[in-house]
Amino acid sequence: MLDYAAQVRELEKMAKLSPPRAVTRALPALGEKRGQCLVCGRPGRACAACEGVSYCGVEHQQRDARWHDVVCDALRELRDDRAAPDPTLLPDLRVMRPWDEYEGTPQRRRRLSDLATRPFTLRSAIAALGVAAKTVHVMAASQREADVPKELWGDLNVTLVGPELPAHAGTRALYSRALWSDGAPDLVIGFDAGLLMYPSWKQTILELRGSGVPFVITTYRDWEAEAEAKLLTAVRARCLLPPRPNPWASRVAKRSTTIANDVSYDNAWVSAWA
Ligand SMILES: [Zn+2]
Ligand SMILES: [Zn+2]
């Protein structure tokens with residue numbers, strides 16, 4: 001049984017060191033089973049606003065409010081957004097605009113953003129770097145990239161590469177310069193690549209750094225972007241664009257699988273290196 005009081009003391013210590021948002025990521029997933037109080041694990045009732053977490057009563061709801069309030073709106077949107085892909089969205093995305101400038105409800109704009117976050121992030125990075133990129137390799141590509149409608153990549157010649165990629169969608173491999181035997185791409189990008197999560201990145205980074213081909217990295221969170229920047233600086237990668245919030249991030253929240261009061265957004269931060 002987890003000791004909630006001890007966890008809270010730990011988190012309060014962290015809260016003194018970190019901005020409040022950082023605290024939400026470390027809250028342990030207690031009572032994850034649906035209907036269990038998030039604080040004590042006894043049977044509870046769902047938060048009326050989002051139905052995403054449960055509490056046994058007002059006291060425990062209030063005790064958790066500090067963390068839950070940060071994500072309650074996002075969890076409510078997540079509940080409301082469950083719907084099949086909408087074929088009417090694609091024609092809108094022929095013109096790349098800030099998400100708020102698309103027609104429709106906030107929910108419709110969230111779905112537009114989720115469909116186009118990868119191609120639009122790529123195109124805006126190319127513009128920011130001022131490179132004439134025609135050929136792009138997407139490293140650590142997976143089903144999410146394979147699902148991007150081809151027309152959204154525009155004129156770019158995009159090749160997907162990743163160890164978990166469905167075989168028909170591209171090259172099933174860890175990214176390496178061995179893939180450049182037919183010529184190097186103009187740019188390499190990794191969407192929410194997780195450089196710190198997977199040791200297999202080390203070799204790829206060492207091969208890309210100093211290769212003359214710029215590479216763009218996106219991450220879910222500010223602290224992750226910061227930590228990756230430290231890592232890349234330590235191996236003497238040259239920073240072309242320091243980590244910054246990405247206006248083309250998805251607006252669809254992804255719920256953490258391990259932490260109750262935690263959501264993240266695809267491509268929330270972006271940086272570029274060489
Ligand atoms: Zn309780
Ligand atoms: Zn809620």
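The values are calculated or read from the model by the stated rules, or taken from the named source; none is laboratory data. Given the structure is predicted, the values throughout are model-derived calculations rather than measurements. Cβ: placed from backbone, ideal geometry, glycine included. Neighbour counts: every protein chain shown. Protein only, heavy atoms only, side chains kept; ligands, DNA and RNA dropped before computing areas. Shrake-Rupley method; radii C 1.70, N 1.55, O 1.52, S 1.80 Å.
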Probe 1.4 Å, all chains present, heavy atoms only: THR159 accessible area in Å², nearest 10, is 50 Å²
Sparse-neighbourhood loop hits (trypsin sites (Lys or Arg not before Pro), the range 229-274; DSSP loop; Cβ within 10 Å at most 13 others) -> ARG236, ARG238
Semi-axes in Å, largest first, for the chain (Cα gyration tensor, √(5λ)) are 36, 23, 16
Taking Cα atoms only, helix 58-80 is inclined relative to the longest principal axis of the chain by an angle, in degrees rounded to 10, of 40 degrees
Of CYS47, CYS40, CYS239, ordered by accessible area with the largest first and a 1.4 Å probe, the sequence is CYS239, CYS40, CYS47
Those GluC sites (Glu not before Pro) from the range 135-213 that are DSSP loop and have at most 15 other Cβ neighbours within 10 Å turn out to be GLU164
For the range 172-274, the dipole about the Cα centre with charges only on Cβ (Lys and Arg +1, Asp and Glu -1), to the nearest 20 debye, works out at 100 debye
Of the range 151-191, those with amide N under 13 Å from the point 7 Å along the Cα→Cβ vector of VAL235 are 175-177
Per the 1/(1 + (r/R0)^6) rule, R0 = 22 Å and r from the Cβ atoms of ASN157 and GLU103, FRET efficiency to 0.05 is 0.10
Put ASP266, ASP182, ASP100 in order of accessible area, largest first, probe 1.4 Å, and you get ASP182, ASP100, ASP266
Computed over the chain: longest principal axis from alpha-carbon atoms vs helix 106-129 long axis, angle to nearest 10 degrees, is 40 degrees
Judged on accessible area alone, 1.4 Å probe, highest first, MET197, MET139 line up as MET197, MET139
Amide H neighbours of LEU240 at under 5 Å, excluding residues fewer than 5 places away on the same chain, with H built from the backbone geometry, are ALA272, TRP273, ALA274
